[in-house]
Amino acid sequence: MKRTAITAVTLAVLAPLAGCGGAASAGDGSTVTVTVGYQSKTINTVTAGTLLRSLGAFERELHTLGAEDGKTYKVKWEDYATGAPITAQMTAGKIDIGSMGDFPLLLNAARGKQLGRPTKLVSVTGYNLRGGLNTVVTSPDSTIDDLRDLRGKKVSTSVGSAADGTLVRALQRAGIHPAHGIRKLNQQPAVGASALAAGSVDALSQFVAWPGLLAHQGKAKALYDGAELNLPTFHGVTAREDFAKERPTVLEAFLKAQATATRYLNEHPATAAEKVARATGLPAEAVYLYNGAHGIATFDPSLKPRLVAALKKDVPILKSAKLVDGVDVDAFVDDRYVRRALGSAAYAEQVAAEPPEGRSEVWAKGSSRTRSFTSPKDLLRHVAAHRSAVRAAYVPDARTGTLWFADRAVWVADGPDLVPFVTAASARAYLDGHADATLLDSYADALRRAAS
């Protein structure tokens with residue numbers, strides 16, 4: 001990689017962090033400190049970060065390993081808002097294991113190769129096969145209701161993130177040049193959210209959990225569902241190659257712990273959402289939207305061929321933005337460690353596994369479980385009869401399957417059916433093919449119809 005492969009924007013993010021932090025795998029021979037970089041509020045990474053940490057699963061695996069090899073292991077957790085500073089710390093030799101989204105993973109690979117500190121993609125945390133983890137939102141009172149309306153407008157995103165990749169692709173499909181057709185602002189997610197609330201940007205393109213959080217809070221409405229792209233998106237775990245070679249048993253211990261956290265999340269989704277909420281300050285209802293039993297994200301550590309293939313399709317997007325010259329994805333992906341951690345048979349089973357189908361769900365107040373329904377109309381009928389007892393209600397978009405809050409969805413009446421959508425544009429596309437269907441004015445209208 002030539003040094004010019006990383007743009008000034010990327011360097012501005014990475015460079016200030018290159019000299020901070022402590023030694024990652026330091027020790028006197030008998031004590032080993034493992035430094036893990038994670039993004040607590042990027043809740044698609046919780047099985048390698050927030051939830052994993054709260055469960056203490058990695059520490060238990062290291063205690064078992066220490067009993068075998070006589071070493072004392074310590075874990076240092078470092079929390080960041082995005083993947084870029086994790087990459088900076090990894091290439092400085094100060095973080096051993098990190099988690100981030102697909103586009104940042106490619107930047108991680110490129111930067112590691114450029115600086116002579118190569119990294120490896122060793123597992124996946126959560127994924128969505130259609131791309132629903134990233135969403136473009138506008139303010140609730142915005143008159144913008146179609147992506148094409150963004151031409152010439154100010155749009156906030158985190159350049160080089162998975163959400164930026166979704167924005168670029170979506171704009172291209174809408175016939176808008178992603179660099180010149182809009183006024184793109186490179187901002188951290190929290191800064192972009194504040195800018196949207198202040199009216200200083202017209203739209204915000206961000207990754208999990210920001211779009212769902214803002215919608216839940218009534219601070220945004222969805223403009224574009226990333227699942228419209230029908231391209232997989234995911235977050236994964238990356239490790240420094242030298243660390244993996246020097247301490248393979250430690251990396252495998254981490255991946256075993258990740259598998260434990262994944263099982264816990266899948267078996268106790270509501271409880272896991274509560275744990276993540278307590279650790280991050282995010283509303284549990286927003287966490288569950290993504291990490292629930294039928295949430296937008298599916299959690300599985302295996303490196304599925306479809307995800308690797310999607311990663312290869314991301315490279316040209318980053319090249320066109322002059323963020324990388326290129327990435328050898330096949331050389332970057334290394335499933336040896338997770339295969340050993342899970343066992344060959346279990347790993348093969350997870351590679352072949354499909355995500356669960358979307359279901360309508362209600363989370364009742366005071367309950368540690370959710371209740372699913374066979375149709376959105378059945379859910380609405382239940383909500384109408386138990387409004388004061390409902391903590392949150394979720395429905396899958398009829399076209400993309402993306403789960404969304406029922407009270408933030410766009411509803412259509414089609415004969416006796418009540419059909420939900422994440423965006424108005426998606427609802428209009430449905431109406432174009434269903435002449436007798438009508439757009440409802442509000443969620444209250446949908447509830448009244450369901451109850452009648």
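The values are calculated or read from the model by the stated rules, or taken from the named source; none is laboratory data. Computed from a predicted model, the values in this text were never measured in an experiment. Please note: Cβ atoms are built from the backbone with ideal geometry, for glycine as well, and neighbour counts cover all protein chains shown. What goes into the accessible areas is simple: the full protein's heavy atoms, side chains included, and nothing from ligands, DNA or RNA. Shrake-Rupley method; radii C 1.70, N 1.55, O 1.52, S 1.80 Å.
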Enumerate the amide H contacts of V333 below 5 Å, restricted to partners 5 or more residues apart or on another chain; note that Pro and chain-start residues carry no placed amide H.
L121
The chain: spread of alpha-carbon positions along the three principal axes, whole Å, largest first, is 72, 48, 37
For the chain, dividing by residue count, accessible area per residue (probe 1.4 Å) in Å² works out to 39
Within-12-Å neighbourhood charge of A179 [Cβ basis; K, R +1; D, E -1]
+2
Whole-number percent relative contact order across the range 320-442, with pairs defined as alpha carbons under 8 Å at least 6 apart:
16
Report the net charge of residues surrounding V32, where surrounding means a beta-carbon distance below 9 angstrom and charges are Lys +1, Arg +1, Asp -1, Glu -1.
+3
Karplus-derived HN-Hα couplings along the range 350-360 (A = 6.51, B = -1.76, C = 1.60, θ = phi - 60°), whole Hz, x at Gly and Pro
6, 4, 7, 5, 9, x, x, 5, x, 9, 6
Vicinal HN-Hα couplings computed from phi for the range 123-139 (Karplus, 6.51 cos²θ - 1.76 cosθ + 1.60; Hz; Gly/Pro x)
6, 10, 9, x, 8, 9, 5, 9, x, x, 6, 10, 9, 9, 10, 10, 5
Hz values of 3J(HN,Hα) by residue in the range 52-58 - Karplus curve (6.51, -1.76, 1.60), Gly and Pro given as x:
4, 5, 5, 7, x, 5, 5
Just check the range 368-447 against the gyration tensor rule for me: Cα atoms, a ≥ b ≥ c as the square roots of the eigenvalues, rounded for a/c under 1.5, and otherwise prolate or oblate depending on whether a/b exceeds b/c.
prolate
Counting pairs of alpha carbon atoms under 8 Å apart in space and at least six apart in sequence, what relative contact order in percent does the range 68-223 give?
26
Among DSSP beta bridges whose residues both lie in the chain, state the antiparallel percentage, nearest 5.
70
What lysines does K256 reach when the alpha-carbon gap must be under 22 Å and sequence neighbours fewer than 8 apart in one chain are set aside?
K71, K74, K76, K120, K245, K275, K304
